[in-house]
Each structure stands twice: as C-alpha cells, then as structure tokens.
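Chemist: Take a look at this one; I'll ask things after.
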Amino acid sequence: MQIAIVGAGIVGAATAYELAADGHEVTVFEQRGAAAEEASFASAGLLAPALLTPWAQPAIGANLRRQLWGSDATLRLVRGAGSAGLRWLWRWRQAGRSPAALAQLAALAGLGRYSLARTRELTELLQVDIETSNGALVLLRRPDCLERVQPTVTLLREAGMSLSEVDADTARLIEPGLSADTPLAGALYAPDGEAGNCRLFALVLRQAAQDLGAQFMFGSKVRALGQAAAGLRIAGEDAPRRFDAVVLCAGLASAGLLRPLGLRLPLAALYGYTISAPLREDTHAPQGAVIDPLHRLIITRQGQRVRVSGGAEIGHGGGLQHQATLQTLYLALSGWFPGGAFASSPQVQVWRGARPMLPDGAPVIGASGLPGLWLNTGHGACGWAQACGSARALADVMAARAPAIDLQAFSAQRF
Ligand SMILES: Cc1cc2nc3c(=O)[nH]c(=O)nc-3n(C[C@H](O)[C@H](O)[C@H](O)COP(=O)(O)OP(=O)(O)OC[C@H]3O[C@@H](n4cnc5c(N)ncnc54)[C@H](O)[C@@H]3O)c2cc1C
C-alpha cells in the first residue's frame, strides 16, 4: 500500500519504521524541520515501569483537590485553561473513578510491557545505543507514599513486573549517589525498569525507515485530511495528495485535524518540564531511573547528562515557564543527588513540552471509522514507553493480521 503518515514524533517515526518494514511505500509529512521536535523532544525517558510515570493514569486513588491546591499540589491551572480545560479535568477525574478504570490500566500495563519488548528488539536489531539505563527506584519519602502508588504496584505485579519493597539503606546501595540527608522511608525497586533517550531513538527510527525506502517530507504541514477517500492537503499545495491509507500521528494537533471530519477526540495538553544538566560525577549521579511520586518527578540518566522532569499545567500559560516548578526540579536534583550534575552550567537545557493526553490516559490506536484513515495518537505521559508497541500493533491491524495485544481498550469509538 501507499501510506501517508502525519507527524514524525516518536510515534510517527516508529509507525513509519514498522510499515516500511512490512513492505509498504511510506511517506511521512512533518511540519517541523526534523523528527521529534515537539512532545518527543526531551521527555524524561522512562520506558518501564511506564505506569509509574507521573500523570500516566487518571486521578486513580488520589484526591484531585489535594493535587490542585494541597500542600503537595503538583497540577496547576494556568492562563488559557478556560472552561475547556476544566471540562477536560472533570472527565479525567471521572475516568479515574470509573468502574472501568482498573481494566483500562491493565490494558495500559500490557501495552507498556509489549512496547518495552519491541523497543529492546529494535535497539538490538538496529545495533544502537540509546543511552539506556537499567533499573527504576520509586522513592518513598514518607510511609504514606506507598499508599499513593499501591493500586498501580498491585497491577504491575499482576502483569508480571518484579517490584520489591526495600528499606532506605538498600535504596542507597542501589543508587549510591542518593543523598544521605534527604529523608527516605523506603523505596520500591524494579530491576527490569528502564530509561532511554526518546529523541535519539526517534532519529534512529527515521533513518532506519528511510533505509527501508520511507520518505520524510519535512517542513510539510498537513492542512486537512481527505473527507471521503484516504488523502490529505499540504499547506501551499493546490491539489490534494491521494494514498491507500493515512495514519494520523500528529500528537496534540490530531484533534484539530479530525474535527472537520466529524470525529471528536478529547485531547488536552498537559504541559510539563525537563531540566537536563551535564553529568558532574558518575558515582554521585543516578545510575537508573528514579521516581519521586510525592512531587511527581522523574530523574534519569541520559548518557553524559542527568535529566529531571516534572510539573503538570493545563493551559498554555502564555508560553511562560513557571519558575516555582523549575525551582522544585532544581531542588529535587541537588536534594536527591548532590554533586551528580552541574545544575548551574550554561549547558543546562530547560524544556517545556506538552503531553498529548486523553482523559482516560490511554492512546487511540486503530481504525478511525472513516475509510482509509487510521489513528495512532494521544499517548499522553507515556508516548515513549508505548510508541514501538503501538506502531507494531497498528501495522499488524493494517495488514489484517491479529496484533500481539488486544487493541479494544484503545479504540477511538470509546469517546
Ligand atoms: C515533561 C514531559 C516528560 C515526559 N516523560 C515521559 C517519559 O518519561 N516516558 C514516556 O513514555 N513519555 C514521556 N512523555 C510523553 C511523551 O513525550 C509523549 O507522549 C510523546 O512524545 C508523544 O509522541 P507523539 O509522536 O505522539 O507526539 P509528538 O512528538 O508531538 O509528534 C507529533 C508530530 O506531529 C507533527 N505535526 C502536528 N501537526 C502536523 C501537521 N498538521 N502537519 C504535519 N506535521 C504535524 C508535529 O510537528 C510533531 O512532530 C513526557 C512528556 C513531557 C512533556
């Protein structure tokens, strides 16, 4: 088939690779000048356990009021949130309370496991080092922190992930750079946890897809999707382009492209931040991924850099960075790993990115309901952890093969 893909983030790049590997003629249209310039640019990099990524799931087991306004508030409504943001927040809260929430989380755990396996297969096959680090430690500052993550931990264990409770001394043996002064009640350790560089892998997949014959048209903004047949219009071109199939991987922009076709996706941007600082001293820096569920932060190693990620904002905020959130990230970095990174170096990179979120925290993967139009979008807080699995499963469905995972939970028809 001749297939067009809209978007070259991590999801679009992985989809291009899988479809090209299946022998299709693939053309990717990307508005930016390179792959992974939007949400996939500087993610925290956590691959597993994906469900422990902050904001991976709706407000399950948590008190939304406390998240918004309590002393541990981590979610902020900023300029531009408006009534649409409040409506979305309400749906997100309802999704977390719905009787279907646990089944949806189990489906997400399955997608995460499948995707991790596919990511590992591809790094092996393509012989690339994507700055992988192994192991994930969930820091429990206070004894009640365990309660917050308990439902997810139970689910991950049921899904076969090894997660053991360790005391503070053992946690400091696993991560020798952890400060001895920062209070720590204990930790959960996932030896199979993993992190890697999302943008780097998107660039690798783009190259690998090109080697298989895929074409990437950068600087090509898709203005509209075809109403009846598979096709699209590129900004600045008069005639529409026709294909046998179109796959929408446009992240946050997907909802706007679908609306004129009568398809409504309740996508919202949940903005967050990462700070990437040059490594200072290996033994003082994190060796694997470290998750702080109280402040909803992740600290990872990305090769010669240490990256800390956190913050959740609904609303564009005028594009301004929230200084108090950044301050929290700097404090977390120096508080947990003193001496691990050069946090005041001019090479520090500060990034604000948008998680393309659907209210139940799950992506949409599969048929759109319109002929020839397929969806692979809305991966929210876990797009990196889910990209390779989503792409492989979608390629299987498009080839009329049964995918290795059940995609029912990710159908567009659930909205
Ligand atoms: C602070 C932060 C931390 C994160 N940490 C993690 C983590 O630890 N683990 C994890 O798994 N995930 C994490 N994520 C989430 C992850 O980054 C996203 O889910 C993922 O990058 C989404 O990928 P995507 O390809 O769907 O979207 P994008 O990367 O945004 O790609 C969409 C592409 O479509 C293009 N596009 C849009 N409209 C058009 C158009 N009309 N025409 C042509 N091109 C178009 C865009 O330019 C863009 O390149 C994090 C996100 C943030 C913000």
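Chemist: What are the residues in the range 37-49 that are touching a residue at least 60 places away in the same chain (Cβ under 8 Å) and near the ligand (Cβ under 6 Å from one of its atoms), if any? I'd like the intermediate steps shown before the answer.
Modeler: Step one: list which residues in the range 37-49 are touching a residue at least 60 places away in the same chain (Cβ under 8 Å), which gives 38-49.
Those that are touching a residue at least 60 places away in the same chain (Cβ under 8 Å) and near the ligand (Cβ under 6 Å from one of its atoms): GLU38, ALA39, SER40, SER43, ALA44, GLY45, LEU46.
Chemist: Which of the residues belonging to the range 347-371 are away from the ligand (no atom under 16 Å from the Cβ), assigned to a loop (DSSP other than H, G, I, E, B) and either in contact with a helix residue (DSSP H, G or I) (Cβ under 8 Å, 6 or more places away or on another chain) or at pLDDT 95 or above (or both)?
Modeler: Residues of the range 347-371 that are away from the ligand (no atom under 16 Å from the Cβ), as a first pass: 347, 367, 369-371.
Of the ones still in play, those that are also assigned to a loop (DSSP other than H, G, I, E, B) are 347, 369-371.
Scanning the range 347-371 gives GLN347, GLY369, LEU370.
Chemist: What strands (runs of 3 or more DSSP E) completely inside the range 166-282 contain at least 2 residues that are within 15 Å of the ligand (Cβ to nearest atom) and of a type in the set (Val, Ile, Thr)?
Modeler: 245-248, 268-278
Chemist: Which one of the conditions (1) farther than 16 Å from VAL247 by Cα; (2) touching a Phe, Trp or Tyr at 6+ places or on another chain (Cβ under 9 Å); (3) not in a loop (DSSP other than H, G, I, E, B) does VAL397 fail to meet, given that it meets all the rest?
Modeler: VAL397 satisfies all of (1) farther than 16 Å from VAL247 by Cα; (2) touching a Phe, Trp or Tyr at 6+ places or on another chain (Cβ under 9 Å); (3) not in a loop (DSSP other than H, G, I, E, B) except (1).
The values are calculated or read from the model by the stated rules, or taken from the named source; none is laboratory data. Quantities reported herein were computed from a predicted structural model and do not represent experimental measurements. Positions of Cβ are backbone-derived with ideal geometry, glycine not excepted, and every protein chain shown enters the neighbour counts.
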